[in-house]
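The values are calculated or read from the model by the stated rules, or taken from the named source; none is laboratory data. What you see is a predicted model; the values in this text were computed from it and never measured. Here Cβ is always computed from backbone atoms with ideal geometry, including for glycine, and neighbour counts include all displayed protein chains. Please note that ligands, DNA and RNA were not included when accessible areas were found on the heavy atoms of the full protein model with its side chains. Shrake-Rupley method; radii C 1.70, N 1.55, O 1.52, S 1.80 Å.
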Amino acid sequence: QVQLVESGGGLVQPGRSLRLSCPASGIIFNAYTLGWYRQAPGKQRELVAQITSRGNTNYVDSVKGRFTISRDNAKNTAYLQMNALKPEDSAVYYCNVNRVIWSYWGQGTQVTVSS
């Protein structure tokens, strides 16, 4: 059984930082591409950042230079370091792992950026 459990969300002021974590179980973690997605109320879910099994990364333009995705294969955990947060970053953030035909999601963690 595959499990992804996001944590690290919360309420922060603009300009502050948060670090999301996503430990995974039930998969050969280092073989999967990891992604962080987010969905704000009334909007479609969007890919925020992705890291391949080889460590190649890509980011949506709105977070480039502020967010960093990483993976620790020894701990089977994905991370998203979010700096200089803006109100428009507020959303539910989801962790995803995918490989070929397999794709799994976590339950999401709420990030709210507000003064």
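General remarks:
- Fluctuation leader among Val60, Val12, Val92 - the chain, Gaussian network, Cα springs under 10 angstrom: Val60
- Heavy-atom accessible surface of the range 1-89, averaged per residue, reaches 55 Å², computed with a 1.4 Å probe.
- Over all pairs of different C-alpha atoms in the range 48-115, the reciprocal of the mean inverse distance, the Kirkwood hydrodynamic radius, equals 13.2 Å.
- Largest GNM mean-square fluctuation among Asp72, Asp89, Asp61, using the chain with Cα springs under 10 Å: Asp61.
- For the chain, the Cβ-based charge dipole about the Cα centre amounts to some 140 debye (Lys, Arg positive; Asp, Glu negative; other atoms uncharged).
- Once the Cα gyration tensor of the chain is diagonalised, semi-axes √(5λ) in Å: 23, 14, 13
- Whole-percent carbon and sulfur share, accessible surface of the chain, 1.4 Å: 46
- Here Ala40 and Ala74 are evaluated by their C-beta separation; at R0 = 25 Å the FRET efficiency comes out at 0.15.
- Springs join every pair of Cα atoms under 10 Å in this Gaussian network model of the chain, and among Pro14, Pro41, Pro87 the largest mean-square fluctuation is at Pro41.
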